[in-house]
Amino acid sequence: MRAITRRPLLARPGRPGRRTGIRTGLRWKLSAAIALVGALVALALSLVVHNAARMSMLDNARDLAVERVRIAQRSYELSGRPNFPGVRVDDPELPPELQRMVEQGRQATYVSDPGDRPALIWAAVPVADGHVLSLRTHVTDRSANMLDDLDQALVIGSIAVVLGGSALGVLIGGGLSRRLRKAATAANQVAQGARDVRVQDAIGGVVRDETDDLARAVDAMADALQQRLEAERRVTADIAHELRTPVTGLLTAAELLPPGRPTELVLDRARAMRTLVEDVLEVARLDGASERAELQDVLLGEFVARRVAAKDPDVEVRVVHESRVTTDPRRLERVLFNLLANAARHGRPPIEVTVEGRVVRVRDHGPGFPEELLAEGPSRFRTGSRDRAGHGHGLGLTIATGQARVLGARLTFRNVRPAGAPDHVPAEGAVAVLWLPERAPADTGSRPLLRER
């Protein structure tokens with residue numbers, strides 16, 4: 001069966017951990033939070049200031065009414081009649097609450113607010129002959145206008161506070177969001193194999209906050225993971241290197257055996273073991289980022305046609321559009337031969353190779369790549385055989401993917417199905433596509449073969 005192929009892991013409906021919802025930036029969340037808090041504070045302060053100003057205005061009006069009614073009281077007690085404008089004796093419209101307080105022998109004031117008219121200020125005082133002197137005045141238009149002007153100023157101030165808070169939130173959130181985006185970019189570069197990238201250096205800045213703690217933690221995690229990967233790579237490379245000599249001796253000794261079926265079996269297994277050891281060493285070199293491409297200019301269509309013809313004359317090569325590319329011929333040949341070997345081992349003829357510009361496609365007409373393998377991507381020492389009865393050790397496509405990265409190219413895999421057919425319909429073949437870069441890669445080094453996110 002097919003070796004596992006690596007493709008980006010995509011979220012599917014129903015898959016655990018799949019997150020849905022509206023994506024919003026941190027700056028807008030922070031801005032909205034500051035604006036909301038500013039609006040609530042401005043509203044509360046406006047209500048307090050409005051009520052305090054209104055109470056102060058009413059208190060002043062009450063004090064003025066009391067002074068007037070006292071003057072009227074003194075005049076009434078001297079002359080026996082009310083001589084002050086607006087003062088009445090035993091006014092029938094006097095509010096009952098005010099009437100009860102005056103009957104207790106004390107002066108009092110009362111405010112009535114009709115709602116649709118200015119507030120009324122009542123002041124009443126008992127006189128010696130048992131009558132009640134009262135004064136009724138309205139809140140002046142000047143006071144009402146001052147209160148309206150104050151309300152307008154409070155509204156304008158509240159809007160200014162909300163807008164200023166929003167701008168401040170965008171500014172603060174933008175700075176924090178930029179640092180987090182830089183941290184995410186650097187972390188992605190580390191995940192893709194960049195060893196000289198540090199998240200803490202990428203975010204920069206003078207002010208230290210929790211983002212720096214996160215960056216240090218990510219850097220420490222990346223260093224620890226890199227050390228483990230390097231240790232595993234070194235152990236694998238050492239084991240493969242130590243096995244190379246005895247395996248070569250075993251193959252040489254097997255070739256000296258007398259001809260026969262047992263000898264053929266021993267030679268076949270010895271050659272398979274030697275291939276495995278060489279492949280493991282190659283994967284270790286790719287993981288160690290020690291590989292460098294030796295770039296040359298080649299005509300891609302002519303190059304592929306000659307190499308395929310030498311490898312397998314039965315494979316059909318079709319050059320749709322010729323293109324000159326800058327690449328490493330030896331590594332390109334390695335990728336091409338691994339794809340052909342994979343198609344021959346796990347697919348069915350005819351095998352077709354198409355060259356179109358800088359794109360090379362290798363297609364067979366077999367059962368296609370298993371869907372779970374397409375989702376998980378290439379994995380060493382795993383094949384597509386569910387019963388473990390298939391041939392191969394699962395390194396072919398892993399090596400092809402690693403060599404493609406050294407070339408700055410991209411290797412993708414897909415199955416061929418009839419147009420509009422659902423996923424459960426059997427595939428009509430498998431296609432591996434090599435996308436060579438338009439320009440010569442600036443970084444021609446290998447990177448660890450990590451799973452693409």
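The values are calculated or read from the model by the stated rules, or taken from the named source; none is laboratory data. This structure is a prediction, so every number in the text was calculated from the model and none was measured. All Cβ positions, even for glycine, are placed from backbone atoms using ideal geometry, and neighbour counts span all protein chains on display. The accessibility values were calculated without ligands, DNA or RNA, using every heavy atom of the protein model including side chains. Shrake-Rupley method; radii C 1.70, N 1.55, O 1.52, S 1.80 Å.
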Review point. Top to bottom by accessible area (1.4 Å), largest first, where do D223, D314 land?
Key: D314, D223
Exercise for review: Quick one: what are the phi-derived ³J(HN,Hα) couplings along region 303-308, Karplus 6.51/-1.76/1.60 with θ = phi - 60°, whole Hz, x for glycine and proline?
Suggested key: 4, 5, 4, 5, 5, 5
Check your understanding: Roughly how much of Y110 is accessible, in Å² to the nearest 10, using a 1.4 Å probe?
Key -> 60 Å²
Study note, to complete from the structure: Simple spin-label estimate for E294/M55, 7 Å along Cα→Cβ, in nm, reads 9.2 nm
